[in-house]
Amino acid sequence: MIYGIWTFCAALIAFIISTVTGKFLIPYLRKLHFGQTILEEGPKWHKGKQGTPTMGGIMFIVAIVIVTIASTVVYAVTGNEFVTSFYADIPKECVLIFCGLGLAVANGVIGFIDDYIKVVKKRNLGLTASQKLILQFIAAAAFLAVLAIAGFGTTTTIPFAGKVDLGFFYYIIAAVAIVGIVNSVNLTDGIDGLDGSVTFFACVAFMLVACTKSYLGITAMSAAAAGACLGFLVWNFHPAKVFMGDTGSLFLGGLVCGLAFAVDMPILLLPVGIIYIAEELSVILQVSYFKITHGKRLFKMSPIHHHFEMCGWSEVKIVAVFSTVTAIFGAIAFALAYFGG
């Protein structure tokens, strides 16, 4: 019973904060002329979105940070009084929560710098690819270093295989996976409501996984993230009144990774992040095929959501299909954690 109340409250409060923040943030962004610049490479009809306020991810960042910190503090102070399950190592769980939140915020700061350069400095491409990668790897390394110092080793849980010790390779694989997923989430932010909807279902999946492991604090954090994404979608669903910008998408990428490591099953990023991964793979395949064939294209446009747009799918249909796929694979991830964890 306490799980349901705790989870519902975290989601509801985050939803309200995110939604209400948008009411004040969007006019303020318009006042500052923080409008999105639509690149020439995208679908031509996206030009109509030129000038839509960006950096709206701030609304769900505020909601997630406030609710996560508040719920974790309450959990740490009163947790032993109502945690009746087999797992009650609250200090250890709190470390995982704050490390995950720190990873998300660090990537959000990188995204904010990128958006600031684009919007204020009027440099359309923002940070260079190499600058982004260096900063993202620093954020990932800091995250893994703090976990190592806190006593978390190089083992990871793999469904039906149990604990597997990867040794030093754990850090290499983990860092590459984190940076890869963060950028994949960033690529998914290309049409109204897509990134927020897909990430909502990803957070719900990790919420259920955390619940099966009796991680009440992580369950609340995941619920807060899901609620905040819904609050953002009030303003971002087609036709979008605001975009999340790299500020929001990089934050969400870091958050999803943080949740995966918090439940000690980063391998679940594969099923839960199936859409993110498909988006990034479509770009890699498109670029590689273009170079190999000297100008031919594998997709009509990449990332793959633009391919479906060019095929005549509406933005709403793409969001619905991609979200459904995420929900299905999220259910698979939950089953793997429940039966194989």
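What is the percent carbon and sulfur in the accessible area of the chain, measuring with a 1.4 Å probe over the protein chains and ignoring ligands?
Working: 10950 of 15050 Å².
Its accessible area is 73 percent carbon and sulfur atoms.
Going by the alpha-carbon gyration tensor, a ≥ b ≥ c the square roots of its eigenvalues, is segment 227-296 rounded (a/c under 1.5) or, if a/c is not under 1.5, prolate (a/b greater than b/c) versus oblate? All intermediate terms of the calculation are to be shown ahead of the outcome.
Numbers: a/c = 2.95, a/b = 1.32, b/c = 2.23.
Since a/c reaches 1.5 but b/c is at least a/b, the shape of segment 227-296 is classed as oblate.
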Original post:
Helix-derived [θ] at 222 nm for the chain: sum -39500 (n - 2.57) over DSSP H runs of at least 4, divide by residue count, nearest 500?
Top reply: -24000 deg cm²/dmol
Subject >> Residue (of THR293, ASN183, GLY22) at the positive-pole extreme of the chain, dipole from beta-carbon charges >> reply: THR293
**OP:** Working from Cα positions, state the angle (0 to 90°, nearest 10) between the long axis of helix 58-82 and the longest principal axis of the chain.
**Re:** 10 degrees
Original post:
To the nearest 10 degrees, how steep is helix 274-292 against the longest Cα principal axis of the chain, on a 0 to 90 scale?
Top reply: 40 degrees
Original post:
Between GLY273, GLY193, GLY102, which gets the highest mean-square fluctuation from a Gaussian network model of the chain, Cα cutoff 10 Å?
Top reply: GLY102
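Any idea of the accessible area per residue across the chain, 1.4 Å probe, to the nearest Å²?
On the way: 15050 Å² over 341 residues.
Accessible surface, normalised per residue, equals 44 Å².
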Original post:
In degrees, nearest 10, range 0 to 90: what is the angle between the Cα axis of helix 2-31 and the longest Cα principal axis of the chain?
Top reply: 30 degrees
Original post:
Taking springs between alpha-carbon atoms closer than 10 angstrom, which of ALA14, ALA145, ALA327 fluctuates most in the Gaussian network model of the chain?
Top reply: ALA145
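What percent do you get for the relative contact order of segment 157-311 when only Cα pairs under 8 Å and 6+ apart count?
On the way: 163 pairs, mean separation 43.0, N = 155.
It rounds to 28 percent for segment 157-311.
The values are calculated or read from the model by the stated rules, or taken from the named source; none is laboratory data. Because the structure is a prediction, the values reported are computed rather than measured. Glycine also receives a Cβ, built like all others from the backbone with ideal geometry; neighbour counts cover every protein chain displayed. Surface areas here come from the heavy atoms of the whole protein model, side chains and all, with no ligands, DNA or RNA. Shrake-Rupley method; radii C 1.70, N 1.55, O 1.52, S 1.80 Å.
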